[in-house]
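Have a look at the structure below before the remarks.
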Amino acid sequence: MAVIPHEQQKNFEIFRDCLSTALIEKISQPQSRLRRRTKPNTNTKASQHASQPHFDDTSFNPAEDLADFTDYIASETFQYLPEELKTLDYYGYSKDADLQARYALPLTGDNVADLLPTLDPSISDSLTAYGITHDAVQGINEILAPVLTSLVNAISTPPPAPSSTKAQAEGCEICGRDWIPLSYHHLIPRFVHAKAVKRGWHREEDLQNVAWLCGACHRFVHRFADHEELARHYYTVELLMQEEQVVKWADWVGRLRWKGR
C-alpha cells in the first residue's frame, strides 16, 4: 500500500473513514455481498493477490477483511487526490474563495473525473472485482463522489468551541479525578498565540486545543512552566505527563478526596 506522509495523515484518516462509510453502505444493501468475483488474469495491480485482501467463502472475516480492503483502496486512491486536498484544513479553506468554488458541495461523478483524471485503473478494477462497482450501473466516480463530498465537508467544518468538548472529558486529564469541576486549559496559552504562529511553533488551527483540568491541576500547570515554555514544549497532556514533577503531582493530588468521598 502507498505510504502516506505525516503532514497528510490527518486528511487521509478522514478520507479513509468516509470511504469506509460508503463501502459499508454499499455492501449492506440486500443484493450486495463482499466477495471476490472470478475475473480474467491481467497485468494490473488488481490481479496481484499480494497487493490486496482476498475474500472467499471459507476464509471471509467481514470486519477484518473489510478493514484491510478499505485500507488498500483508501491508500491507493488518496495519492491521486489533488495535492491541496491532502493537507487542506478549515482555515485554509475558509480564506480561499477559489477553493470554495472548486470544491462546491455536493461533488458529482463529473467533478471526481475532473479532480482525479489519472486515477489508476487497478483501483476501479479492484472495486469491480469485489462487486462494489459496476460500470453499467455505478462506476468508481459515482462511488467516490459522496466520499469526497464527506471529506470536504469534514475539512470545511469549523472546529468546535473549547467549551463544547467538555462532555468528552471523563475527568481531569492530569490527576484523573472525575467528581470535581473542570475548566479548560489552553494547551498553547492565549497570551502567546500570535508569537506561536509567527515563529512557526504551531499552526493557527492548533491554537484552540485544550485540556480539561481540575482547578488544582490547572494552577499547577501554570506554576510548572510559563506561557512560552508551555507553548513550545508542553502543548499536549502527553508532553506534560512525561515530566517526573508532573507525574508526582498527579499521583499526589489524585489521592485527595473531600469528606464523604
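Looking only at the range 211-249, count how many residues are under 30 Å from the mean Cα position of the chain (by Cα) and either in a helix (DSSP H, G or I) or over 18 Å from residue 178 (Cβ atoms) (or both).
Filtering the range 211-249 down to residues under 30 Å from the mean Cα position of the chain (by Cα) leaves 211-214, 217-218, 221, 227-243, 246-247.
Adding the requirement that they be either in a helix (DSSP H, G or I) or over 18 Å from residue 178 (Cβ atoms) (or both) leaves 217-218, 221, 227-240, 242-243, 246-247.
Residues flagged as under 30 Å from the mean Cα position of the chain (by Cα) and either in a helix (DSSP H, G or I) or over 18 Å from residue 178 (Cβ atoms) (or both) within the range 211-249 amount to 21.
Looking at the range 142-163, can you tell me whether even one residue there is surrounded by 14 or more Cβ atoms within 10 Å (Cβ to Cβ), among the polar types (S, T, N, Q), part of a helix (DSSP H, G or I) and without any contact (Cβ under 8 Å) to a residue 40 or more places away in the chain? Give the derivation first.
If we filter the range 142-163 for residues that are surrounded by 14 or more Cβ atoms within 10 Å (Cβ to Cβ), which is where we start, we get 142-156, 159, 162.
From what is left, the residues that are among the polar types (S, T, N, Q) are 149-150, 153, 156.
Applying the additional criterion that residues be part of a helix (DSSP H, G or I) yields 149-150, 153, 156.
Right, trim to without any contact (Cβ under 8 Å) to a residue 40 or more places away in the chain and you get none.
Scanning the range 142-163 turns up no residue that is surrounded by 14 or more Cβ atoms within 10 Å (Cβ to Cβ), among the polar types (S, T, N, Q), part of a helix (DSSP H, G or I) and without any contact (Cβ under 8 Å) to a residue 40 or more places away in the chain.
Among what's in the range 164-176 and is at pLDDT below 90 and assigned to a loop (DSSP other than H, G, I, E, B), pick the residue that is surrounded by the most Cβ atoms within 10 Å (Cβ to Cβ).
Applying the first criterion (at pLDDT below 90) to the range 164-176 yields 164-170.
Adding the requirement that they be assigned to a loop (DSSP other than H, G, I, E, B) leaves 169-170.
On the way: 169: 15, 170: 9.
Only one residue fits best here, namely 169.
Condition first: closer than 18 Å to residue 14 by Cβ and at pLDDT below 90. Now tell me which residues in the range 94-131 satisfy that.
Within the range 94-131, just 94 meets the criteria.
A quick yes/no check of all residues on (1) assigned by TED's automatic domain parsing to the domain that holds residue 10; (2) in contact with a Phe, Trp or Tyr (Cβ under 7 Å, 6 or more places away or on another chain); (3) touching a residue at least 60 places away in the same chain (Cβ under 8 Å); (4) surrounded by fewer than 18 Cβ atoms within 10 Å (Cβ to Cβ):
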| residue | (1), (2), (3), (4) |
| --- | --- |
| 178 | no, no, no, yes |
| 187 | no, yes, no, no |
| 191 | no, no, no, yes |
| 197 | no, no, no, yes |
| 205 | no, yes, yes, yes |
| 220 | no, yes, no, no |
| 224 | no, no, no, yes |
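Can you find even one residue in the range 232-249 that is under 23 Å from residue 7 (Cβ atoms) and of a type in the set (A, V, I, L, M, F, W, C)?
Our first condition is that a residue be under 23 Å from residue 7 (Cβ atoms); within the range 232-249, this holds for 232-239.
Then drop every residue that is not of a type in the set (A, V, I, L, M, F, W, C), which leaves 237, 239.
Among the residues of the range 232-249, at least one is under 23 Å from residue 7 (Cβ atoms) and of a type in the set (A, V, I, L, M, F, W, C), which makes the answer yes.
So if I check each of 83, 64, which one is loosely packed, with under 14 Cβ neighbours inside 10 Å and at pLDDT 95 or above? Reasoning before the result, please.
Working: 64 fails: at pLDDT 95 or above.
The conditions single out 83.
The values are calculated or read from the model by the stated rules, or taken from the named source; none is laboratory data. Not measured: the values here are computed from a predicted model. Quick reminder, even Gly has a Cβ in these numbers, built from the backbone with ideal geometry, and neighbours come from all protein chains shown.
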